[in-house]
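Participant: Mind looking over this structure? Questions follow.
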């Protein structure tokens with residue numbers, strides 16, 4: 001399995017700009033910047049997108065412009081358009097159970113999820 005879509009979650013608006021809820025978007029923004037693949041607004045995917053190559057694989061980047069609890073709409077639109085399967089999607093988001101600066105990766109199973117995450121999967125059709 002190869003990752004084909006990296007999604008960075010955030011909440012829009014000035015009141016959330018400096019909060020850790022935007023950590024996922026910061027990660028994708030930095031990745032796009034370092035790989036010289038600027039994010040561009042793409043209304044049909046409800047967010048900002050780019051395309052990169054990692055280890056010879058085509059990978060899409062997505063930062064939804066929706067609130068986190070509605071991001072499944074953006075993820076679902078992009079995954080459907082490019083025929084990306086759920087196990088080919090990496091979602092970067094904040095995790096309040098971890099201290100700032102610590103990352104955790106899970107593969108192959110769905111972790112215990114808050115209610116917003118359940119809605120995210122339903123909206124994405126997963």
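The numbers here are math on the coordinates, done by the rules we state, and not lab data. Being a predicted model, the structure only gives us computed values, none of them experimental. With ideal geometry, Cβ positions are generated from the backbone for all residues, glycine too; neighbour counts draw on all protein chains shown.
Participant: Hey, which of the strands (runs of 3 or more DSSP E) in segment 1-100, taking only ones fully inside, have at least 1 residues that are touching a helix residue (DSSP H, G or I) at 6+ places or on another chain (Cβ under 6 Å), without any contact (Cβ under 8 Å) to a residue 24 or more places away in the chain and surrounded by 19 or more Cβ atoms within 10 Å (Cβ to Cβ)?
Facilitator: Correct list: 47-54.
Participant: Can you tell me which condition residue 64 does not meet? The list is (1) more than 19 Å from residue 88 (Cβ to Cβ); (2) in contact with a strand residue (DSSP E or B) (Cβ under 7 Å, 6 or more places away or on another chain), and all the others hold.
Facilitator: (1)
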